[in-house]
Amino acid sequence: MSAAAPWIYEALVGKAIGAAGAMATYAVHAGAMENAAGRFAVFPLSLLMIGGCIVSILAFHHASRGRPVSPYLCGEQAGAPDAFHGPMDQPVVAHVGNFYLQSIFGEATLTPWLNTAAIALLILFLGGAR
């Protein structure tokens, strides 16, 4: 749809403005929309977007072909793939987490405040759109 924007504008908006006797604010030349302020080339941006979509799809397929491996635990792996030899030579399951300032930056601390701020912003957006 974005690649067809100049022609959609010319067919719908341009004709409606022209029928009212006013001059169109944009002119369409060679797939680009232009007015007194400058020119907006739609096709190069559309091609860039299509290229980005293709690259992201190829990257996703390349990443999904990878072989899963267990983490390297400095040579102390136990029998299980995600376990290592801990204190007293007992197997300890490795896990990843964030313990940095949980009382300040933890999800349980931030979620109520952020939800309240988000609701307030939504109310302001909807209430201010008169």
Is there a residue being touching a strand residue (DSSP E or B) at 6+ places or on another chain (Cβ under 9 Å), closer than 30 Å to Pro68 by Cβ and not polar (S, T, N, Q) anywhere in the range 94-115? yes
Considering only helices (runs of 4 or more DSSP H) fully contained in the range 40-130, which possess at least 1 residues that are surrounded by 10 or more Cβ atoms within 10 Å (Cβ to Cβ) and under 23 Å from the mean Cα position of the chain (by Cα)? 42-64, 107-127
Cβ-Cβ distance below 9 Å, separation of 6 or more or different chains: which pairs start in the range 95-121 with a residue that is at negative phi and end on one that is surrounded by fewer than 10 Cβ atoms within 10 Å (Cβ to Cβ)? Gln102/Ala108; Phe105/Asn98; Gly106/Asn98; Thr109/Ser103; Leu110/Ile104
When the residues of the range 44-99 are filtered to those that are farther than 30 Å from Ala32 by Cα and of a type in the set (S, T, N, Q), which remaining residue is modelled with the highest pLDDT? Gln90
Hey, Tyr9 surrounded by 15 or more Cβ atoms within 10 Å (Cβ to Cβ), at pLDDT below 70 and more than 27 Å from the chain's Cα centre (by Cα) or not: no
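The values are calculated or read from the model by the stated rules, or taken from the named source; none is laboratory data. None of the values given here were measured: they were computed from a predicted structure. Glycine gets a Cβ as well: all are built from the backbone with ideal geometry, and neighbour counts include every protein chain shown.
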